[in-house]
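Down below is the structure, laid out as structure tokens.
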Amino acid sequence: DALLVSNFRLGWHRLLSHIFFINKWIYVHYGFPNMTLTLVHFVITWLGLYMCQKMDIFSPKSLPIRRIVWLALSFCGFVAFTNLSLQNNSIGTYQLAKAMTTPVIILIQTTYYKKTFSTKIKLTLVPITLGVILNSYYDVRFNLLGTVFASLGVLVTSLYQVWVGAKQHELQVNSMQLLYYQAPLSSAFLICIIPLFEPITGEGGIFGPWSLPALATVLLSGVVAFLVNLSIYWIIGNTSAVTYNMFGHFKFCITLVGGYVLFQDPLSVNQALGILCTLAGILSYTHIKLTEQEEGKSRLAQRP
């Protein structure tokens with residue numbers, strides 16, 4: 001089982017790296033709008049799940065919309081506020097704000113879900129945050145509007161990730177069953193807010209004059225996003241939102257290294273040190289988490 005999970009996580013890292021670079025290619029070479037691409041991803045995710053349930057890969061479980069409406073809304077808020085944060089902040093400030101998601105998740109789970117985290121686990125956030133600061137040191141600039149959007153983005157993103165795991169346990173559903181209902185609901189909400197941020201027609205709009213290669217790449221991105229969305233729900237449902245965020249920090253490192261290798265993006269000494277600090281924090285978290293799990297199993301085995 002441990003080998004299976006390890007292989008799955010490695011595959012997920014590769015998949016997540018692939019979608020980032022596909023998306024970056026779409027933004028750089030075709031100028032496809034960001035939030036509209038997210039909408040395409042969720043529509044394709046729902047279509048993929050619809051095909052899966054038709055092939056009896058999973059059985060949908062009837063869920064009342066009111067029980068997941070806040071989950072769907074929080075997803076839209078997460079997309080909107082992180083985009084506004086990126087729009088009104090420098091890249092460094094944006095990345096630094098994203099790094100705050102993990103401690104906010106710990107705070108929410110500790111306060112409202114009575115979940116406990118060891119001091120060792122909390123201390124792993126120090127090298128990770130230091131790594132992000134080193135990566136963004138020369139590009140951190142604060143302004144009032146950007147700070148507001150960044151703070152809202154961190155809060156809503158944290159709530160969304162906590163609720164993904166909580167709703168699976170609360171409603172007794174698996175990742176496919178929950179995402180089957182959340183994907184179309186979030187898509188409907190996104191359709192309502194996209195016109196506020198992005199054009200619908202003309203140059204740069206979803207109904208603009210896109211070339212066949214652009215549409216094919218967007219479709220490929222949607223298919224990969226479908227697999228990634230399933231993986232995200234599976235990881236949070238079977239581990240925790242904090243563990244998922246550790247994977248996110250790993251993706252951040254891959255993004256920097258991949259950008260350097262594939263796109264010739266500059267990589268400074270500070271960034272290299274930041275990557276090493278972040279990886280040290282991730283490895284420490286993984287080691288501590290595995291040790292705590294083994295100790296938990298030992299205590300259970302010793303009970304009469």
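Summarising the label geometry, the points placed 7 Å from Cα in the beta-carbon direction at MET51 and LEU290 lie 3.6 nm from one another.
Estimated at 0.36 nm per residue, the fully extended path between ILE191 and ALA272 surpasses their Cα-Cα distance by 25.2 nm. What residue among ALA183, GLN109, LEU196 has its Cα farthest toward the positive end of the dipole of segment 107-220, where the charges are +1 on Lys, Arg and -1 on Asp, Glu, each on the Cβ? It is GLN109, whose Cα lies furthest towards the positive end. Measuring against 18 Å, Cα to Cα, the residue pairs LYS122/LYS251; LYS120/LYS251; LYS115/LYS167 contain LYS122/LYS251; LYS120/LYS251 as the ones spanning a longer distance.
Below 14 angstrom from the Cβ of LEU49, what's the summed charge of the other residues (Lys, Arg +1; Asp, Glu -1)? Taking every Cβ under 14 Å from that of LEU49, the sum is +1. Computed extension length for LEU220-LEU144: 23.6 nm, one decimal, from 0.36 nm per residue of separation with the Cα-Cα distance subtracted. Return, ordered by residue number, the residues of segment 171-199 whose backbone nitrogen is under 18 Å from a label point located 7 Å along Cα→Cβ of SER59. The answer is 171-181.
Rounded to the nearest whole Hz, the Karplus-based 3J(HN,Hα) values (6.51 cos²θ - 1.76 cosθ + 1.60, θ = phi - 60°) of segment 218-233 follow the sequence 4, 5, 4, 4, x, 5, 5, 4, 4, 5, 5, 4, 4, 5, 4, 5, with x at glycine and proline.
Taking 0.36 nm per residue of separation and subtracting the Cα-Cα distance, full extension of the segment from ASN238 to ILE121 would add 40.3 nm. By the count of other C-beta atoms within 10 Å, a proxy for reagent exposure, CYS192, CYS76, CYS277 are ordered fewest to most as CYS192, CYS277, CYS76.
Each reported figure results from applying straightforward, stated rules to the coordinates on display, with no laboratory input. Predicted, not measured: the structure shown is a model, and the values here were computed from it. Virtual Cβ from ideal backbone geometry, glycine too; neighbours counted across all protein chains shown.
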